[in-house]
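In what follows, a single structure is set out as structure tokens and then discussed.
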Amino acid sequence: MPDQVNIANNQYVSEPNKHIEEYLNYYCELSHSPKFAILLKGKWGSGKTWFINQYIEKLKAKEKKCLYVSLYGATNYSEIEDLLMQQLYPFRTSKGMVIAGKVFKGLLKGALKIDLNNDGKDDMRWNFSIPDINIPQKFEDSSFSLLIFDDLERCSINIENILGYINSFVESQYLKVVIIANEEEISTEPEKYKKIKEKLIGKSFEISPDFSGALNEVLNQVHTQQAKDFLSKNLDFIQDLYRQAECMNLRILNQISLDFERFFKELPEKARNKAELIKDLLELLIIFSIEISCGRLEPKDISQIDQKLGEELVLARRAAKDTDSKENQANTEDKKSFMGIFKKYENIYNMNYSSVFSPFFRAFPNLSVWGLFFDKGIIHKEAVEKSLLTSKYFKDENSPNWIKLLHYEQLSDDEFEKLIELVNLEYQKRDYDDINIIKHITGLFLKFSEVGLYPKTKENILDDAKLYINELRNNNKLDFHFPEDLRQAYGFAFPSNSLEFEEFCEYIKQSKNEVKINKAPDAARDLLRIMQTDTDKFSSMIGNKLNYIKNMFKLNESYFDFPIFNYMSPKEFVETILKLENTERDYVFYSLQQRYAIQNHDLNQEINFLIEVQKILLQEVEQRQGKLMGYLLKQANQFYLEPIIVGLKQNRA
């Protein structure tokens, strides 16, 4: 927001709208009433209200006075007049009350006859109410400048009637009036509205978005000085992204600035000093914020962008080769497709049909972090920091060879050939136990094979990768806890979306499931011990997928999608439950409720376990009649166990 010194120095409130300001100055300085109002129009978020508020401040600096009323939600004229009275007599009025005992009388009625077709006959009577408030009585002509009505399209009073009411201030009280509206949202008959507007509006102006002014205002809400300085220095960058997005909504800037500050504060100090990193983060934040606000992108879809965009690029490449499939190519570029959404940012994310890499391949933070942020408002600091360790911003000679290979675009031919030979050697020696590193390397090999940069065929690469998984499984090194539905790891999307890579992922899933089943009885006994000693950890381990997402960076194991209770004794479960404190026991049952809150076909298998637990629990209730424990167990069955069982039976039906 411009400060008072700038305002007093007669600088323009908004450079793109200086012609409007010049006309308002002329309008305000007229010695007589022109008997017409001025309309300031523009789309939602274009900065109409911001502009008029800045202009009001400028008038105040000149000791001029205005009255401002938002018509948003107004249902009757008395609400409007209450707002006016509060501004006219701030020390003698309060909302809903009148001055010095004055009681508002019924509003006088008036009518304006309108000839729609210029045939000399009245085609419409425009009925309205005459204000029961005399503004000129309060002000000397030299001190009062404008009466401003904002949010016309959001007024609940009939549009013809509210315009007639406003017209009374112009025609009867000889005031200078400014009306602010988004005409696109005014739902009335176009011809009638046009004729009515012609009776009242003398000049109309379209407000142009003022990025500099809007950003200066929102920066006042950013309290981290380093973040504020970065936003201020990158005004042109932000404006260019808006231009590419074909977005004119400046209100989104407010949320972007606050979200940017949140992310900035979560970054370690060494990351805050990396200008390139911060700019890339801001870039994705702006793009996702705009696309979500414009309704073109769903927050829940962000984590899948790399996968879905890769699939669309494959279809586009096929269509480009097939002259009979141009229609399919057009479909992939539809505005509702991911290519359609991001094609307008092509100078940033090259939608090259010949490319084998998704343009979001190395997004920072990774797409899962962004998806969680926009969908749930959560910033996983641990995930962001892990992304930094393997990102291009902190690449050094101590990085693992496979990380260096991920940054292949920064390598020379000799460096690339040496690195891929080293990584291949490490891969053949089975130096890696981490399944996600193995997936990254396998994905790279498949990608490089596809473009002729790696000598092995994709079939041979897939066979060797499966053999690698078999060796891990046979040596008891295949970790089955971490789920395989994520599309990235270590801050990078997996570098392949080929059929072979999908087959490899499915093979890993099947292999891990086999290991999980073999180890399930021991895991179930461990889970019982955890339930008795740490109900918080137990709850996190058995909770549903949303619960897992919140705790995924703290858990070493989880069973949110695996029927672990099928391998547990119902009798031992109840015996353990009975040993818990009352509050802990209730928490365990609540955790079970959360486990089944989201339908999961695999978990439906646990219904027999739950039915047997209920049977044993009710036996305990019977034996403990007249005791507090009996009552509490009965309540647990009624509020938790029985609804869970009923729900699972319905899912199976």
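The values are calculated or read from the model by the stated rules, or taken from the named source; none is laboratory data. For clarity, every value in this text was computed on a predicted model and none was experimentally measured. Heads up, the Cβs are rebuilt from the backbone with ideal geometry, glycines too, and the neighbour counts pull from every protein chain shown.
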Worksheet entry | Residue, farthest from the chain's Cα centre (by Cα), within the range 353-381, restricted to residues that are modelled with pLDDT of 80 or more and charged (D, E, K, R) | K381
Worksheet item: Before we move on, is V621 in contact (Cβ under 8 Å) with a residue 40 or more places away in the chain, assigned to a helix (DSSP H, G or I) and of a type in the set (A, V, I, L, M)?
Response: no
Discussion item. Could you check the range 465-480 and list, in sequence order, the residues that are surrounded by fewer than 19 Cβ atoms within 10 Å (Cβ to Cβ) and either under 16 Å from E450 (Cβ atoms) or hydrophobic (A, V, I, L, M, F, W, C) (or both)?
Written reply: L467
Worksheet item: Just a yes or no: is a residue in the range 29-43 on the phi > 0 side of the Ramachandran plot and modelled with pLDDT of 90 or more?
Response: yes
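Going by what's in this entry, would L285 be described as closer than 11 Å to A227 by Cβ, hydrophobic (A, V, I, L, M, F, W, C) and at pLDDT 90 or above? Break it down stepwise before answering.
Numbers: closer than 11 Å to A227 by Cβ: no; hydrophobic (A, V, I, L, M, F, W, C): yes; at pLDDT 90 or above: yes.
So L285 fails the test.
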Discussion item. Can you report the number of residues in the range 423-464 which are in a loop (DSSP other than H, G, I, E, B), closer than 16 Å to L406 by Cα and of a type outside the set (S, T, Y)?
Written reply: 2
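Go through the range 624-653 residue by residue and tally those that are assigned to a helix (DSSP H, G or I), polar (S, T, N, Q) and farther than 18 Å from F560 by Cβ.
Kept after step one, since they are assigned to a helix (DSSP H, G or I), are these residues of the range 624-653: 628-652.
With polar (S, T, N, Q) added as a condition, the list becomes 635, 637-638, 650-651.
Next cut, farther than 18 Å from F560 by Cβ only: 635, 637-638, 650.
Number satisfying all stated conditions: 4.
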Worksheet entry | Candidate set: the range 231-270, residues that are free of Cβ contacts under 8 Å to residues at least 24 places away in the same chain and closer than 19 Å to Q221 by Cα; chosen: the one surrounded by the most Cβ atoms within 10 Å (Cβ to Cβ) | S232
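Is it the case that some residue within the range 234-254 is of a type in the set (D, E) and closer than 25 Å to L24 by Cα? Steps first, answer last, please.
Pass one, the range 234-254, residues of a type in the set (D, E): 236, 240, 246.
Narrowing further to those that are closer than 25 Å to L24 by Cα: none.
Within the range 234-254, none of the residues are of a type in the set (D, E) and closer than 25 Å to L24 by Cα.
Looking only at the range 40-55, how many residues end up being outside any loop (DSSP other than H, G, I, E, B) and surrounded by fewer than 20 Cβ atoms within 10 Å (Cβ to Cβ)?
As a first pass, look at the range 40-55 and keep what is outside any loop (DSSP other than H, G, I, E, B): 40-41, 48-55.
Then drop every residue that is not surrounded by fewer than 20 Cβ atoms within 10 Å (Cβ to Cβ), which leaves 49, 53.
Result for the range 40-55: 2.
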Worksheet entry | Unique match (being in contact with a Leu (Cβ under 7 Å, 6 or more places away or on another chain) and farther than 30 Å from Q510 by Cβ) among L405, L388, L419, L444 | L419
Worksheet entry | In the range 271-307, the residues that are among the charged types (D, E, K, R) and either closer than 17 Å to Y345 by Cα or surrounded by fewer than 16 Cβ atoms within 10 Å (Cβ to Cβ) (or both) | E276, K279, D280, E283, E291, R296, E298, K300, D306
Worksheet item: Out of the residues in the range 630-644 that are more than 20 Å from N604 (Cα to Cα) and touching a residue at least 12 places away in the same chain (Cβ under 8 Å), which is surrounded by the most Cβ atoms within 10 Å (Cβ to Cβ)?
Response: L633
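Collect the residues in the range 142-157 that are β-branched (V, I, T) and in a strand (DSSP E or B), keeping them in residue-number order. Can you show your working first?
Step one: filter the range 142-157 for residues β-branched (V, I, T), giving 148, 157.
The one that is β-branched (V, I, T) and in a strand (DSSP E or B): I148.
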Item to complete: List every residue pair whose Cβ atoms lie under 9 Å apart, where the two residues are 6 or more positions apart in sequence or sit on different chains, the first residue falls within the range 199-211 and is surrounded by 15 or more Cβ atoms within 10 Å (Cβ to Cβ), and the second residue, located anywhere, is of a type in the set (K, R) and in a strand (DSSP E or B).
Response: F205/K41; I207/K41
